[in-house]
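Data block below; observations after.
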Amino acid sequence: MLRRLLRDCRQRQEDEKLIRLLRGAFRLSLGKGDLNRYREIVRRKPAFRLPEIERLTILAIETAKTSAKESYALFELVQAAAVGNCDLLTRSRVTVTLAEAAIRNGHYERAREACADAFEGLQILDGYFESSERQMRISMQGRIEHAWNILRLKVPTGDHPLDPANDIVKECAELIRWNSDSGSGQGLLAQSDATARLAIRMQRWVKHTEHKIAPTIQALQNRLRESARNSFVCARYLVTLADALVLIEQWRPAALIYGDVLRLKNIDLKHPIGIHAAVQEAYCCLTSENALHCADLLKRIDGESLKQLSELILTVAAETARYHAVDYRCRLESGKAVAADTLTTIRGLTRQVSILLSYPQDRLCYLRNLFYSRLVQDMDSILKTTVV
């Protein structure tokens, strides 16, 4: 089937990226080539539009009629393309189908990973976005549960797709790496999806296992440092871990990681990630009932420079809003005077970031919307009131 599709695509002079993907799937179905390498290439070179992903999904389903092995190989690459290009709902839908194909072909570990990925997607939709396309989400929930129940009959596994695997550190490090978007200018925006997924995974791990968190977090930090190709990527990975810990209210280990980020080469209080780490570290201290230390940490940040940067970079406007929110609450808890217009300033900065918003038809739109939703939730949590 894939050989015929390749021939037809060449005759019609189809887009070269489509031909390359089909050729890669065909080689994988023959047991040739490295699956992870092929998936990495497809994931890291975003080029497929949503209609193309939909078309490839249909081709993979049709291929299953003649060859389950070819269909599975094609689904692996289509899912990688969906991760790099699509909105969350499309990615989750393709990933559920990948899980089903993996089970049919006896790739049970891959099926487990796909079930977890799809389930995380639904959790993010429910946690950060207003209910939309409810029927499709209910359908996907049912398909995930069905695939998981079949998988449990095939191999010993946990009670839930998000139950940790044998190597928690390896799984979490790979989750961060795979869901981090490339691009030196993307910074925290590019970490939005990875942060949300890691928090969901760790919430399950912390609440439903007996693992001690500190040694595992330290081991994960070490793994992330080793896998990062430079200090900027290392900072992104570590901030993802720390932000996920904040989301599950593990304040102390998060604060320690933020401090480590600020000791990395070229990451200082003039760098957007450095600013984020400093503000978040201060917030962690405040939640640990150490308002005095929180105030000392905030003094390191140049408020005027932050204001100027926020007018140039929308993601820094988000950090400026966090800075003012933490400072406001810190002053209240310390009994100090607060500026009357602080909440108005915070609302203005939050509205400024909302310019990022757009209908989530692709990966970037989804990341922007998630980044903004997270900011709004952070403001409400820090200030203990609604700001938008």
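The values are calculated or read from the model by the stated rules, or taken from the named source; none is laboratory data. It should be emphasised that the depicted structure is a prediction, and the values quoted were computed from it without experimental measurement. No Cβ is skipped: glycine too gets one built from the backbone with ideal geometry, and neighbour counts run over all protein chains shown.
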Restricting attention to region 91-131, the residues that are within 20 Å of the chain's Cα centre (by Cα) and among the hydroxyl-bearing types (Ser, Thr, Tyr) number exactly 4
Which residue, of 18, 28, 50, is more than 23 Å from the chain's Cα centre (by Cα), under 21 Å from residue 90 (Cα atoms) and either exposed (fewer than 13 other Cβ atoms within 10 Å of the Cβ) or assigned by TED's automatic domain parsing to the domain that holds residue 81 (or both)? 18
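Quick one: is residue 333 touching a His at 6+ places or on another chain (Cβ under 7 Å) and either among the charged types (D, E, K, R) or part of a helix (DSSP H, G or I) (or both)? Walk me through how you get there before you give the answer.
Details: touching a His at 6+ places or on another chain (Cβ under 7 Å): no; either among the charged types (D, E, K, R) or part of a helix (DSSP H, G or I) (or both): yes.
Considered against the rule, which asks whether it is touching a His at 6+ places or on another chain (Cβ under 7 Å) and either among the charged types (D, E, K, R) or part of a helix (DSSP H, G or I) (or both), residue 333 comes out as no.
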Does residue 292 satisfy being among the hydrophobic types (A, V, I, L, M, F, W, C), surrounded by fewer than 17 Cβ atoms within 10 Å (Cβ to Cβ), in contact (Cβ under 8 Å) with a residue 12 or more places away in the chain and not in a loop (DSSP other than H, G, I, E, B)? yes
Inter-residue pairs, beta-carbon under 8 Å, first closer than 14 Å to residue 194 by Cα and in region 225-238, second among the β-branched types (Val, Ile, Thr), 6+ apart: 235/261; 235/267; 235/273; 236/273; 237/176; 238/257; 238/261
Give me the helices (runs of 4 or more DSSP H) completely within region 194-289, filtered to those with at least 1 residues that are crowded, with 23+ Cβ neighbours inside 10 Å and of a type in the set (Val, Ile, Thr), ordered by residue number. 231-247, 251-261, 272-287
Test for residue 294: is it farther than 30 Å from residue 83 by Cβ, assigned by TED's automatic domain parsing to the domain that holds residue 189 and either at pLDDT 90 or above or not basic (Lys, Arg) (or both): yes
When you scan region 37-49, do you find a residue that is more than 17 Å from residue 362 (Cα to Cα), in contact with a helix residue (DSSP H, G or I) (Cβ under 6 Å, 6 or more places away or on another chain) and either not aromatic (Phe, Trp, Tyr) or not in a helix (DSSP H, G or I) (or both), even just one? yes
Qualifying residues in region 157-187 (those that are aliphatic (A, V, I, L, M) and surrounded by fewer than 21 Cβ atoms within 10 Å (Cβ to Cβ)) - the one nearest to the chain's Cα centre (by Cα): 162
In the set 368, 363, 347, 351, which member is closer than 13 Å to residue 315 by Cβ and charged (D, E, K, R)? 368
Would you say residue 325 is assigned by TED's automatic domain parsing to the domain that holds residue 249, outside any helix (DSSP H, G or I) and out of contact with any Pro (no Cβ under 8 Å at 6 or more places or on another chain)? no
